[in-house]
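The values are calculated or read from the model by the stated rules, or taken from the named source; none is laboratory data. Please read all numbers here as calculations on a predicted model, not as lab measurements. Glycine also receives a Cβ, built like all others from the backbone with ideal geometry; neighbour counts cover every protein chain displayed. When the accessible area is computed, the model is the full protein with side chains, heavy atoms only, and any ligands, DNA or RNA have been set aside. Shrake-Rupley method; radii C 1.70, N 1.55, O 1.52, S 1.80 Å.
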Amino acid sequence: QVIPQRVFEQLGQRRRRAWRAHDQRRFVLDQIADRHGVHAEGTHRLDALVVRAFRATGQAEHTAAAVHARADALSVNMDADRLAAKENILALEKNLALMDESSKFLDEQTETARGLFRNGSINALQLVELFARHADLLVGRTLAEKKLADTYATLMLTAGLEGVPNEE
C-alpha cells in the first residue's frame, strides 16, 4: 500500500498537542479552571427559582392592585351614570309636564280654529298648520317618553330597583 507523504508529520503534531489540558496546564492567579469558583451550580439554580417566585408574587400583587383600581373606576363611573340618569329623569318629567300643558293650549286653539274656519274667518291652510303643530307635539311627547323609559332602564341597571319611583 501507498502511504501519503505528510501522514507521519501530522501524526507527530497531533501527539504533541494531545498532552495539553483545556486550560493549557498553566496556573495564573486570575485564571481558575472551575467556572463557578466557590459557588456550586445548584445555588445558581435556586437563586433563579427565588427570583422567579418574587417576580410571580410581585406580578400577582400588581395584577390585584390593577383589578382593584379598575373596580374603583367602574364604581365611580356607575355613580356618575346613576346621578346623570336621575338628573335626566327629572328634566324629562319636567319636559313632559310642559308638553301636557302645551297640548291643552293646542286643544283649545284647535277648537277655536275649527269654529273660525266654519265661519270663514281663517282658511284651510291656517287650520292645517295648527294640526301640524299638534302632530309635532305628539311626536315630541312620544320621543320624550321613550327617552324617559330608556333612562329608567339605565338607572335600574346601575342602581338596582331602589330609588326608582313607582308608577302607582
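Regarding the stretch 55-62, can at least one residue be identified that is of a type in the set (D, E, K, R) and modelled with pLDDT of 90 or more? Within the stretch 55-62 (the criterion being of a type in the set (D, E, K, R) and modelled with pLDDT of 90 or more), the answer is no, since none of the residues qualifies. For the stretch 82-97: of the residues being closer than 19 Å to D136 by Cβ and among the aliphatic types (A, V, I, L, M), which is most open to solvent (accessible area, probe 1.4 Å)? Restricting to residues being closer than 19 Å to D136 by Cβ and among the aliphatic types (A, V, I, L, M), the top hit is A97.
In the stretch 85-96, the residues that are touching a residue at least 40 places away in the same chain (Cβ under 8 Å) reach residues that are open to solvent by less than 30 Å² (accessible area, probe 1.4 Å) and β-branched (V, I, T) with C-beta atoms within less than 8 angstrom, at least six apart or across chains, in these pairs: A85/T151; A85/T158; N88/T151; I89/T151; L92/T151.
Here is a yes/no grid of residues against (1) β-branched (V, I, T); (2) at pLDDT 95 or above:
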residue	(1), (2)
N119	no, no
N123	no, no
A144	no, yes
T154	yes, no
T158	yes, no
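Considering D79, D150, D107, D100, the condition of being surrounded by 13 or more Cβ atoms within 10 Å (Cβ to Cβ) and either assigned to a helix (DSSP H, G or I) or not charged (D, E, K, R) (or both) is satisfied by D150 alone. Take the conditions (1) modelled with pLDDT under 55; (2) of a type in the set (F, W, Y); (3) surrounded by 10 or more Cβ atoms within 10 Å (Cβ to Cβ); F27 misses just one of them, which is (3). The residues of the stretch 110-147 that are closer than 23 Å to A84 by Cβ and open to solvent by 90 Å² or more (accessible area, probe 1.4 Å), listed by number, are L143, K146, K147.
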